[in-house]
Every structure is written in C-alpha cells, then in structure tokens.
Amino acid sequence: MCQQEYHGNLYRGCGCFDVIYRGDRLDCMQPDCRASMAHAHQGYCRCPQAMITESRRIINLFRPMCDQHRVEQWDATRGRGR
C-alpha cells in the first residue's frame, strides 16, 4: 500500500485534523495498486481503489474545538440549528 503523509493541526475538543499541507508520498511499487506509479492496468481495471494509508503529523495541538464545531455548538445551544 502507498502511504501519504499529512501535516496539520489537531483539535482535541472535537477530534478534527485540519490539514495544512501534504508531505511525502511513499510508493509501494505494486502493479495492483491504483495509487502506485507501477500500476499495470490502464483504463477500467478491478484493482481496489483505497490502497493509500494516511500518516498524520501534528504540527499544533489545540485543546478547544475547531471553528466549525464551535459555531455548530453555539447554534445548537441558541436554537438555530441548520
């Protein structure tokens, strides 16, 4: 399986991971992996699509919730659900 590295912020309050940028990508060089440069098939093939695993690198760790969840919680407590 190929591996993609992501760098970002982790919000402990809600568990969200906000990607800032993508890091290195490790190629597995397998002919049956669609994400690999060594993929043998062209056009329609029956190789599984999800053969990329994620590796998350935390740059900043925040205790509160992310902005989106904070707004949703505020709206829910004020009776303005979306």
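Readers should treat all values here as calculations from the given coordinates under stated rules, not as data from a laboratory. These numbers were taken from a predicted model, which means no experiment stands behind them. Here the Cβ positions follow ideal geometry from the backbone for every residue, glycine too, while neighbour counts run over all protein chains shown.
Overview of results
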{"item": "GNM result for the chain, Cα springs below 10 Å: residue of ARG57, ARG46, ARG22 fluctuating most strongly", "result": "ARG46"}
{"item": "Footprinting exposure proxy for SER36, SER55 (fewest neighbouring C-beta atoms within 10 Å first)", "result": "SER55, SER36"}
{"item": "Electrostatic dipole magnitude of the chain [Cβ: Lys, Arg +1; Asp, Glu -1; Cα centre; debye, to 20]", "result": "340"}
{"item": "Extension reserve of the CYS47-GLU72 stretch, reckoned as 0.36 nm per residue once the Cα distance is removed", "result": "5.1 nm"}
{"item": "Per-selection Rg to Rh, the stretch 2-77 - Cα, Kirkwood hydrodynamic radius", "result": "1.19"}
{"item": "Unit charges at the beta carbon, dipole of the chain: most positive-side option, ASN9, GLY43, GLN73", "result": "GLN73"}
{"item": "Added length on full extension, which subtracts the Cα-Cα distance from 0.36 nm per residue, ALA38 to LEU26", "result": "3.1 nm"}
{"item": "Share antiparallel - DSSP beta bridges, the chain, percent rounded to 5", "result": "40"}
{"item": "Rounded to 10°, Cα long-axis angle of helix 67-77 versus longest principal axis of the chain", "result": "40"}
{"item": "CYS14 paired with ILE58, simple spin-label distance in nm, labels 7 Å along Cα-to-beta-carbon", "result": "1.8"}
{"item": "Computed [θ] at 222 nm, deg cm²/dmol, the chain (DSSP H ≥ 4; -39,500 (n - 2.57); rounded to nearest 500)", "result": "-4000 deg cm²/dmol"}
